[in-house]
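Reading through the structure tokens given below for one structure.
The numbers here are math on the coordinates, done by the rules we state, and not lab data. Since the model is a prediction, treat every value here as computed from it, not as a measurement. In this analysis, Cβ positions are derived from the backbone assuming ideal geometry, glycine residues included, and neighbour counts consider all displayed protein chains.
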Amino acid sequence: MFDETQPNYLNVGFHYRLTPPTLFFDLLDSYWQNLKPLVGTIHELSLHFRSKIH
């Protein structure tokens, strides 16, 4: 009934409870590394639009 290959939310929550904080922070850091370029792009776009408005 359950597909073991698909990450199931309950399993993910259980996995986090079992992982040491360092692993969690590593995961958070990898997410941040992926988010940084996106945040930078959004920031540049907002500056671009702000300069057009004024």
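Observations on the model:
- For PHE49 and ASP29, a Förster radius of 25 Å and the Cβ-Cβ distance give a FRET efficiency of 0.25, rounded to the nearest 0.05.
- Using θ = phi - 60° and Karplus 6.51 cos²θ - 1.76 cosθ + 1.60, couplings along the range 33-40 (whole Hz; Gly, Pro as x): 4, 6, 7, 3, x, 5, 4, x
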